[in-house]
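This report refers to the structure that appears directly beneath it.
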Amino acid sequence: MDLNRLNIASNFNKIAFGNTIDLGNVASLDPWSMITMCLLLAKRANKDDKKFILPKDLNALCFLKEMCFDNFLKEIGFDKEAKKLSKIEIPKLSDEKVLQIEHYEYQSEFEAKLAYFIEMFKNFGLNQSDAYRATSLIGELGNNVFDHNLGNWPTNIRGCFITGQNYSKEKKIEITVGDPGIGFWGSLKNAFPELNNDVEAIIKGLGGNTGRMGEKRGNGLKLIQDWTINKFSGCLMIHSKKGLVIVDKDGIKNDEVFEILGTMVQFVIYYD
Amino acid sequence: MKIILKLIKFGKILNSRPSGREAVLRAKQIINGSKNVEEIVVDFGKVSIVTPSYLDEFISGIKKYYSKNKITMTGYRDNIVIEDTLKALDIV
């Protein structure tokens with residue numbers, strides 16, 4: 001099974017049951033499904049009966065190793081699985097370029113990495129202006145993670161997870177940022193008590209509204225949406241708790257899907 | 001007199017709200033240490049990235065403390081991303 005942003009919701013019951021995450025039959029993962037795994041595992045990290053089954057497929061294992069998923073597993077307490085994955089010897093898989101999975105616990109760690117992202121985007125094929133613009137998108141997404149969860153992280157796992165992939169033949173880049181935080185609804189419900197669910201909260205946030213009462217904020221996500229669609233001809237996907245919203249040039253689509261801890265946002269951009 | 005705040009002195013990549021707030025405090029020291037300041041010029045020359053969060057925090061802070069002064073932006077025209085960010089926040 002190739003797990004990706006288009007099919008992960010329909011395959012969810014095959015990979016997650018109780019406190020078990022089973023990737024046994026998974027042959028590949030894209031950035032969106034990688035960050036989904038991070039958040040599903042983060043939610044179960046403190047459970048006594050937690051279980052993570054690694055893929056049987058060698059290519060999938062090599063990919064996870066290449067993405068440094070073993071480091072992430074170790075950080076959140078899946079030591080046995082981390083050890084097993086770290087022992088795998090990996091060949092060079094492909095010429096596709098990836099952003100290995102990173103976990104930044106603190107805003108200062110995240111900020112220090114932004115200069116790296118500029119160079120990464122240039123290496124992916126973006127010109128300087130577009131590399132600056134794409135890095136601004138990541139910067140703003142990271143800012144949202146730390147600003148909206150400050151003092152409010154639901155578990156002892158905090159910060160943001162980032163991964164990405166450059167599909168050089170299609171001249172397409174997918175970057176996904178996730179956080180095990182309070183989610184859009186959690187952030188907005190005090191300021192907007194009329195909100196009824198996660199989808200409504202995400203759409204409220206995309207409209208430039210903020211949950212930080214008494215402060216004039218909210219431009220960041222609006223700008224992320226605008227630039228992704230109008231400057232990069234791309235699309236923006238947001239999954240927060242049970243809500244999923246996808247925005248592109250054709251408008252907004254939404255759905256109620258499986259629940260994650262916190263929020264994940266992906267921007268997909270195209271370049272010349 | 002006119003005082004120029006060169007943002008490159010704060011960094012090439014200007015990102016978070018906490019950093020923007022800290023920069024306002026430093027800018028206050030610079031401005032208050034000068035006499036007869038009428039105009040404050042915020043110079044983006046040589047800066048690579050200013051995210052909306054930083055920009056909002058910095059410009060709002062300067063405007064709050066120096067509401068009677070003329071505040072202008074310069075040095076952004078050779079960086080289309082900074083120009084777009086300024087426009088998106090209705091600063092220019």
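For the protein assembly as shown, would you read off the P(r) tail past 35 Å as a percentage of all alpha carbon pairs?
Result: 26 percent of Cα pairs exceed 35 Å.
What is the average number of partner chain Cβ atoms found within 10 Å of a Cβ in A:137-145?
Shielding by partners across A:137-145 averages 4.
If the cut-off is a Cα-Cα distance under 24 Å, which lysines reach A:LYS172, setting aside same-chain residues fewer than 8 apart in sequence?
Within the straight-line limit of under 24 Å, A:LYS172 reaches these lysines: A:LYS65, A:LYS92, A:LYS97, A:LYS113, A:LYS122, A:LYS222, A:LYS231, A:LYS249, A:LYS253.
Sort A:SER28, A:SER136 so that the residue with the fewest other Cβ atoms within 10 Å of its own Cβ comes first and the one with the most comes last.
Least crowded to most crowded, the residues run A:SER28, A:SER136.
Mind ordering A:107-115, A:6-14 by average Cβ neighbours within 10 Å, highest first?
A:107-115, A:6-14
From the mean inverse distance of alpha carbon pairs (Kirkwood) and the Cα radius of gyration, derive Rg over Rh for segment A:1-94.
Across segment A:1-94, the Cα-based Rg/Rh ratio is 0.93.
Please list, ordered by chain and number, the residues whose modelled amide H lies under 5 Å from the amide H of A:LYS97; skip anything fewer than 5 residues away on the same chain.
A:ASN166, A:SER168
Please build a GNM for chain A, connecting alpha carbons under 10 Å apart, and tell me which residue among A:TYR116, A:TYR104, A:TYR132 fluctuates the most.
Sorting by GNM fluctuation, first place goes to A:TYR116.
Under the Karplus relation 6.51 cos²θ - 1.76 cosθ + 1.60, θ = phi - 60°, what is the ordered set of whole-Hz ³J(HN,Hα) values for segment B:66-80, x standing for Gly and Pro?
10, 5, 8, 8, 6, 10, 10, 10, 8, x, 9, 6, 8, 10, 4
Sorted from fewest to most neighbouring beta carbons within 10 Å, what does the list A:CYS68, A:CYS38, A:CYS235 look like?
A:CYS68, A:CYS235, A:CYS38
For segment A:232-261 and segment B:14-42, what is the separation of their C-alpha centers, rounded to whole Å?
39 Å
Kindly rank B:61-69, A:238-246 from highest to lowest mean number of other beta carbons found within 10 Å of each residue.
A:238-246, B:61-69
Taking a cut-off of 18 Å between Cα atoms, list the lysines near A:LYS47, but don't count ones fewer than 8 places away on the same chain.
A:LYS74, A:LYS80
From Cα pairs below 8 angstrom and at least 6 apart in sequence, can you work out the relative contact order of chain A, rounded to a whole percent?
17 percent
Excluding residues on the same chain fewer than 8 positions from B:LYS6, give the aspartates and glutamates whose Cα lies under 12 Å from its Cα.
B:ASP43
For peptide A:110-121, how many partner chain Cβ atoms fall within 10 Å of a residue's Cβ, on average?
Counting other chains' Cβ atoms within 10 Å and averaging over A:110-121 gives 3.
Per residue of B:77-90, how many C-beta atoms from partner chains lie within 10 Å of its own C-beta, taken as a mean?
For this peptide, the per-residue mean of nearby foreign Cβ atoms is 3.
Let me have the relative contact order for chain B, percent, based on Cα pairs under 8 Å that are six or more residues apart.
The value is 36 percent.
Rank A:LEU141, B:ILE30, A:LEU85 by how far each Cα sits towards the positive end of the charge dipole of the protein assembly as shown (+1 on Lys, Arg Cβ; -1 on Asp, Glu Cβ) and give me just the farthest.
Projecting each Cα onto the dipole axis, the largest value belongs to B:ILE30.
Relative contact order for segment A:226-272: what percent, with Cα pairs under 8 Å and sequence separation of 6 or more?
RCO, segment A:226-272: 41 percent.
What whole-number value in cubic angstrom gives the convex hull volume per residue for the C-alpha atoms of segment A:96-272?
116 Å³
Expressed as a whole number of Å, what is the distance separating the alpha-carbon centroids of segment A:56-117 and segment A:119-135?
22 Å
Bear in mind that the values in this text are calculations on the coordinates, not laboratory data. Bear in mind that the values here come from a model prediction, so they are computed numbers and not experimental data. So basically every Cβ, Gly included, is an ideal-geometry build from the backbone, and we count neighbours across all protein chains shown.
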